[in-house]
Amino acid sequence: HHEPGDILPDVFEIIDPLKPNSNYPFTGLAACGVAFKICHAISIRLGREEEALKYLDFVALASVADSVPLVDENRILVSKGLEMMNTELRPGLKGLLYCTGFRQGVMTTTNIVFGVAPLINAAGRLGDAGRSVELMMQNNEIAAFRIAQELEEENRRRRIFDTQTLEAAIPIAEKQLEDETTRVLVIHHDDWHAGVIGVVASRLVERYNMPAILMTTFAGHAKGSARSISSFDIHSAIKTCSDLMLEFGGHTFAAGLSMEIKDVPELRRRINEYAKVHLTREMLEPEILIDADLKLDELSPKFFKTLAKFAPYGFSNRKPVFYTDKVETVNGIKVYGENNFKCRVKQNNFVIDAVGQNLAHKLHYCTKGNKFKIVYNLEELNTSHGPRLPQINMLDIMPVEEE
């Protein structure tokens, strides 16, 4: 799903739905999706279509991890792949599930994004990516479990590097933001680990709601990753500075780049000049788009069953966002982690469990019997025994204005 360059290589054939003059009807396939389509075509030609279909679990895993749009053909591929993962799990994936605490039979795209994919990526970020390939190909469950444990340990180390790099990048970002014309953060540091640059760039985007380009020094050059918000095409922005690039590539929301260290200030200047034209201050304001107003007593088993038909969720097919007014907490509030809390919310005698990730700083809106309004997703938690438990995942809280 990366944009092809202006000059294409002179080869026998380029198989890419994004290449110029391609008539393929869907352009959102991940690289794994393109590889699958080649395998599928060959298998059909050989009269052995089932040979390709047995790899749909890999296609689902890669498509979700690569954040391609979960619409059109990707929606079908991921749905079928998840079905495989929930019925015929490979030894390698069994090891990963054991390490992440997820269970076969109830795997979702959320489990892949926050559990399975980070372990697979950890190998390449801090060491040899070949270990993840070996894990996927492994037929021995015990050997697969051992590799999965190694990747889990690597991922713990990766999170430490993430935290250290983010803590170092924040003061630099804050300094750049003192200039009110800054619309894109461009940060370079000699000593950051190259394997976590993309992750930390995403963290900066989440924190400041603006595009970020983060680079470290690698082989004498500034090398790194760019991440963006939904309203700004970071790849097109970097393309306007292509004369400064040794290498670059990517798509609308993410890119990789390599350049001379001495040119980083010029990149910062030029890309912010570009952003002044294409990125207004209003576009930098964070927003939550609400799909529907709901009353809590509408959250029936039938409603959850209907809602499940919208899955699998992911990029371009986000979980529906709901709004409910005049709720209150009951039975106390439990704060956990750095800025999270759990509670039960009530409206018109209907009570449901709720969590607020990164919202504990707004607790004063929902204590002392105060009524408040919430914006949220809905989810059903898996339990060891019995039915799944419905829960509200609050995205924001606001006080109810006095009438």
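Tabulated data for the structure shown
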item: The listed residue being among the small types (Gly, Ala, Ser), outside the structural domain of VAL64 (by TED's automatic domain parsing) and within 21 Å of the chain's Cα centre (by Cα), out of GLY356, GLY369; result: GLY356
item: Output for the range 251-305, where each listed residue is in contact with a helix residue (DSSP H, G or I) (Cβ under 9 Å, 6 or more places away or on another chain), of a type outside the set (Val, Ile, Thr) and either within 28 Å of LYS346 (Cα to Cα) or outside any helix (DSSP H, G or I) (or both); result: HIS251, PHE253, ALA254, ALA255, GLY256, LEU257, MET259, GLU260, LEU279, LEU294
item: Count - residues of the range 157-176 that are under 19 Å from the mean Cα position of the chain (by Cα) and at pLDDT below 90; result: 2
item: Test: residue in the range 41-56 that is among the acidic types (Asp, Glu), surrounded by fewer than 19 Cβ atoms within 10 Å (Cβ to Cβ), touching a residue at least 60 places away in the same chain (Cβ under 8 Å) and part of a loop (DSSP other than H, G, I, E, B); result: no
item: Hits in the range 140-169 - residues which are touching a Pro at 6+ places or on another chain (Cβ under 7 Å) and farther than 26 Å from HIS189 by Cα; result: ASN140, GLU141, ALA144
item: Criterion: surrounded by 15 or more Cβ atoms within 10 Å (Cβ to Cβ), at pLDDT 90 or above, more than 21 Å from VAL133 (Cβ to Cβ) and not acidic (Asp, Glu) - qualifying residue of LEU61, LEU82; result: LEU82
item: Pairs, first over 16 Å from PRO4 (Cβ atoms) and without any contact (Cβ under 8 Å) to a residue 24 or more places away in the chain in the range 22-39, second part of a loop (DSSP other than H, G, I, E, B) and β-branched (Val, Ile, Thr), C-beta under 8 Å, six or more apart; result: LYS37/ILE15; ILE38/ILE15
item: Tally, over the range 174-205, of residues that are over 18 Å from PHE161 (Cα atoms) and of a type outside the set (A, V, I, L, M, F, W, C); result: 9
item: Test for GLU338: is it surrounded by 15 or more Cβ atoms within 10 Å (Cβ to Cβ) and of a type in the set (D, E, K, R); result: no
item: Test: residue in the range 263-270 that is more than 17 Å from ALA222 (Cα to Cα) and out of contact with any strand residue (DSSP E or B) (no Cβ under 9 Å at 6 or more places or on another chain); result: no
item: Residue match in the range 130-138 (condition: of a type outside the set (Gly, Ala, Ser) and outside any helix (DSSP H, G or I)); result: yes
item: Where a residue in the range 381-394 is at pLDDT 80 or above and its partner, wherever it lies, is small (Gly, Ala, Ser), with Cβ under 6 Å and at least six apart; result: ILE392/ALA354; MET394/ALA354; MET394/GLY356
item: Count of residues meeting criterion [closer than 22 Å to VAL199 by Cβ and either of a type in the set (Gly, Ala, Ser) or modelled with pLDDT of 95 or more (or both)] in the range 249-260; result: 8
item: Flag for PRO17 being surrounded by 13 or more Cβ atoms within 10 Å (Cβ to Cβ), in the same structural domain as VAL133 (by TED's automatic domain parsing) and more than 21 Å from the chain's Cα centre (by Cα); result: no
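The values are calculated or read from the model by the stated rules, or taken from the named source; none is laboratory data. Since we're looking at a predicted model, the values are computed, not measured. Heads up, the Cβs are rebuilt from the backbone with ideal geometry, glycines too, and the neighbour counts pull from every protein chain shown.
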